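Undergrad: Here it is, the structure in full.
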Amino acid sequence: MGLRRTRRPRLAARMLWALVAAGLVAAGCGGGGDDDADAAEPTGARTEKSEQGDPVYGGSITVGLEAETNSWLPGEANFANAGITVALAIYDPLMRRDADGVVRPYLAESMEPNEDLTEWTLKLRPGVTFHDGTPLDAQALKTIFDDYLKAPGSNLAADLEDVEEMVIVDDLTVTYRLSRPNSAFPDSLTLAAGYPFSPTAAAAAGEDAGAHPVGTGPFMFESWERDSQLVVKRNPNYWQEGLPYLDEIVFRPIPDEDTRVSSLTSGDIDVLQTLRQATVAKVRELDGVDTYEQLGNNTGVNIFNTTAPPLDDVRVRKALALAIERDDVIEVLGGTGLVPPSSQPFGQDDPYFSEAVDEAWQDGDPETARELLEEYVNDPNRSDGKAPGEPVSFRYDCPPDPTLNELSQLYQAFWEAIGAEVELRQVEQATHVSEAIAGDYQAKCFRMGVDRDPYPNLKGAFTEGSSTNFTRFTHPDIDAALEQLAASTDVEERKQLVEDIMLTVNEHYPITYSGSTLAAVAVQEHVKNLDGWTFPDGTPGTGVPGATVMWGHVWTTE
């Protein structure tokens, strides 16, 4: 596949930043952890909500999450959607997306590039302190960057690979110096790499820092009982005057979807987070409940470990993909009529969605799948070391949810129908994610895609050494295209490069797709303003992307 070489743009910094911002618009919402942009109205969504009224101070709410998170320290935490929504209570992101999908400063006051996109200078707001009273200043950012985010073992090191160093300019200003141009770098600071935490508190807590998070956010960490609840209290010294409204939030991981729904209807919880289509359909029908939905780039996938036999052979991966009927998978997940089939980590309303990629994707051909699998089975040099003629066998992992159990059985049926032997294994989500990061698996159900610039998303997913390259799939054409993508601010050129990357990825089948993910937050009617958050200057934000919430702007009338 040919990849075009292009001349690197050199524009005045202010003009360049405006162009970059325009190029990063991504209409959608997502998960696997993280930030997102505006979305089209989901099919059949309940658009009418209860009267919101004026803000009210005080009160406590309980939030039912889909999963627990392993740690709360950026660089150590595996922040999937459930973890992100908790983090947004404790931490403030340096950058955030507005309602148009443009990346803007949030906790930061400004961020500007040099002409060739190899340096980005960030200025902090004056007078902001961490929950322990220590200042958020340039030295704090540098200590976080040097000692935690870029440290050996940090799961953010790959995302920040291009950053050679952070240089202190003055007490409130730092410059990120990159090894290569990166037009999308501000996007990296919308996620965990842009959640400043107190380096003083982290150093004092040592190895236990992940259980005692200290940020600048609207709420202060109070307590955490793993797999039971995490409690945060109102930050009385919050830097945004008038915020937050709530006194307390209790976050409870409730992995079982039916239990979470019944907890909402009984009043045991006030807020429900979900990325399961069947659950979205259920909560839409509940009386006295408001739902906030966004359909974006997050999509259901299977991930294959391309370094683990027999899935290291593209014939096996393609056979497993061709055996799948996506409409049947969507039906099991409860998404029929709610979500479209997917073929890439970009939703149909995202500017980077490609019709060519969609048309090129192949599945639903069990006859060809059986032929491919037989070719591998009869290969005397097959990678799994078995004798020719012995059946292909592998393990498929998925979290222990009734819907996902049914999903696993459906995939097992697809694959056994073409001659594979499939062992099903249930694994709790925190372990599920940790195993994917470590490469300790063969095949897993998963999610992919977030509403951020495609460069960091695809770089993390398909480059060597990245902690989020769960499939371990890499390709020189992808590396070359990513280099051009990072250096370009031309929207049409960037779209073509993303299309080239996804055609290469899908040609090698490290992942298979089901359908887009409709994310929702359902609340009892006394909980208000989940999607009404704004930037400090009043610019509207991006709502509840990936079922994550900016809790500082939420209030309750009870």
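Undergrad: May I ask you to verify whether Val169 is surrounded by fewer than 14 Cβ atoms within 10 Å (Cβ to Cβ) and over 25 Å from the mean Cα position of the chain (by Cα)?
TA: The answer is yes for Val169.
Undergrad: Among the numbered criteria (1) touching a residue at least 60 places away in the same chain (Cβ under 8 Å); (2) surrounded by 19 or more Cβ atoms within 10 Å (Cβ to Cβ); (3) under 29 Å from Ala522 (Cα atoms); (4) not aliphatic (A, V, I, L, M), which single criterion is violated by Asp313?
TA: For Asp313, the failing item is (3).
Undergrad: Take the residues of region 424-459 that are farther than 22 Å from Pro255 by Cβ and modelled with pLDDT of 90 or more: which is farthest from the chain's Cα centre (by Cα)?
TA: Gln442
Undergrad: Only one of Thr517, Thr512, Thr489 is in contact with a Ser or Thr (Cβ under 7 Å, 6 or more places away or on another chain), in a strand (DSSP E or B) and of a type outside the set (D, E, K, R); which?
TA: Exactly one residue qualifies, and that residue is Thr517.
Undergrad: Which of the following residues is in contact (Cβ under 8 Å) with a residue 24 or more places away in the chain, at negative phi, among the hydrophobic types (A, V, I, L, M, F, W, C) and touching a strand residue (DSSP E or B) at 6+ places or on another chain (Cβ under 9 Å): Val339, Val377?
TA: Only one candidate passes the filter, namely Val339.
Undergrad: Scan region 137-158 and tell me whether some residue there is touching a Lys or Arg at 6+ places or on another chain (Cβ under 6 Å), at pLDDT below 95 and either surrounded by fewer than 17 Cβ atoms within 10 Å (Cβ to Cβ) or not in a helix (DSSP H, G or I) (or both).
TA: Looking for residues that are touching a Lys or Arg at 6+ places or on another chain (Cβ under 6 Å), at pLDDT below 95 and either surrounded by fewer than 17 Cβ atoms within 10 Å (Cβ to Cβ) or not in a helix (DSSP H, G or I) (or both), one finds at least one in region 137-158, hence yes.
Undergrad: Which of the residues belonging to region 97-127 are within 19 Å of the chain's Cα centre (by Cα), at pLDDT below 95 and at negative phi?
TA: Passing the criteria: Arg97, Asp98, Ala99, Asp100, Val102, Val103.
Undergrad: So which residues in region 407-417 are in contact (Cβ under 8 Å) with a residue 24 or more places away in the chain, more than 13 Å from Ser514 (Cα to Cα) and surrounded by 14 or more Cβ atoms within 10 Å (Cβ to Cβ), if there are any at all?
TA: Within region 407-417, Phe414, Trp415 meet the criteria.
Undergrad: Can you list the helices (runs of 4 or more DSSP H) found entirely within region 174-266 that contain at least 3 residues being surrounded by 15 or more Cβ atoms within 10 Å (Cβ to Cβ) and of a type in the set (A, V, I, L, M)?
TA: The qualifying helices (runs of 4 or more DSSP H) are 199-205.
Listed here are the residues, each with its yes/no results for (1) at pLDDT below 95; (2) farther than 26 Å from Asn182 by Cα; (3) surrounded by fewer than 23 Cβ atoms within 10 Å (Cβ to Cβ).
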| site | (1), (2), (3) |
| --- | --- |
| Met15 | yes, no, yes |
| Gly28 | yes, no, no |
| Ala37 | yes, no, no |
| Gly58 | no, yes, yes |
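Undergrad: Read through the list (1) in contact with a strand residue (DSSP E or B) (Cβ under 6 Å, 6 or more places away or on another chain); (2) under 26 Å from Val422 (Cα atoms); (3) not acidic (Asp, Glu); (4) not in a helix (DSSP H, G or I), then give the number of the only condition that Arg317 fails.
TA: Every listed condition holds for Arg317 apart from (4).
Undergrad: Looking only at residues in region 326-383 that are hydroxyl-bearing (Ser, Thr, Tyr) and surrounded by fewer than 17 Cβ atoms within 10 Å (Cβ to Cβ), which one is nearest to Glu492 (Cα to Cα)?
TA: Checked region 326-383; the qualifying residue nearest to Glu492 (Cα to Cα) is Thr336.
Undergrad: Condition (residue is in a strand (DSSP E or B), at pLDDT 95 or above, crowded, with 23+ Cβ neighbours inside 10 Å and among the aliphatic types (A, V, I, L, M)) applied to region 531-553: is it met by at least one residue?
TA: No, every residue in region 531-553 fails to be in a strand (DSSP E or B), at pLDDT 95 or above, crowded, with 23+ Cβ neighbours inside 10 Å and among the aliphatic types (A, V, I, L, M).
Undergrad: Considering every residue within region 287-304, establish whether at least one is touching a Lys or Arg at 6+ places or on another chain (Cβ under 9 Å) and assigned to a loop (DSSP other than H, G, I, E, B).
TA: Checked region 287-304: no residue is touching a Lys or Arg at 6+ places or on another chain (Cβ under 9 Å) and assigned to a loop (DSSP other than H, G, I, E, B).
Undergrad: Continuing with the same structure: Could you figure out which of (1) closer than 20 Å to Val316 by Cβ; (2) modelled with pLDDT under 95 isn't true of Glu390?
TA: If we test Glu390 against (1) closer than 20 Å to Val316 by Cβ; (2) modelled with pLDDT under 95, just (2) comes out false.
Undergrad: Does Glu483 count as part of a helix (DSSP H, G or I) and at pLDDT below 95?
TA: yes
Undergrad: Here's a follow-up. I'd like to check something: does region 468-491 contain any residue that is surrounded by fewer than 20 Cβ atoms within 10 Å (Cβ to Cβ) and within 21 Å of the chain's Cα centre (by Cα)?
TA: For region 468-491, residues surrounded by fewer than 20 Cβ atoms within 10 Å (Cβ to Cβ) and within 21 Å of the chain's Cα centre (by Cα): present.
Undergrad: Does any residue in region 492-507 that is of a type in the set (S, T, N, Q) come within less than 6 Å, Cβ to Cβ, of a residue that is surrounded by fewer than 18 Cβ atoms within 10 Å (Cβ to Cβ) and assigned to a helix (DSSP H, G or I) six or more places away or on a different chain, and which pairs are these?
TA: Partner pairs satisfying both residue conditions: Thr504/Asp477.
Undergrad: Any idea how many residues of region 142-152 are over 13 Å from Thr200 (Cβ atoms) and free of Cβ contacts under 8 Å to residues at least 60 places away in the same chain?
TA: 5
Undergrad: Here's another thing I want to ask about it. Output the residues belonging to region 418-451 that are of a type in the set (S, T, N, Q), in contact (Cβ under 8 Å) with a residue 24 or more places away in the chain and surrounded by fewer than 20 Cβ atoms within 10 Å (Cβ to Cβ).
TA: Gln426, Ser434 - these are the residues of region 418-451 that are of a type in the set (S, T, N, Q), in contact (Cβ under 8 Å) with a residue 24 or more places away in the chain and surrounded by fewer than 20 Cβ atoms within 10 Å (Cβ to Cβ).
The values are calculated or read from the model by the stated rules, or taken from the named source; none is laboratory data. Note that the coordinates shown come from a computational prediction; the quantities given were computed from them, not determined experimentally. Cβ atoms come from the backbone with ideal geometry, glycine included; neighbour counts cover every protein chain shown.
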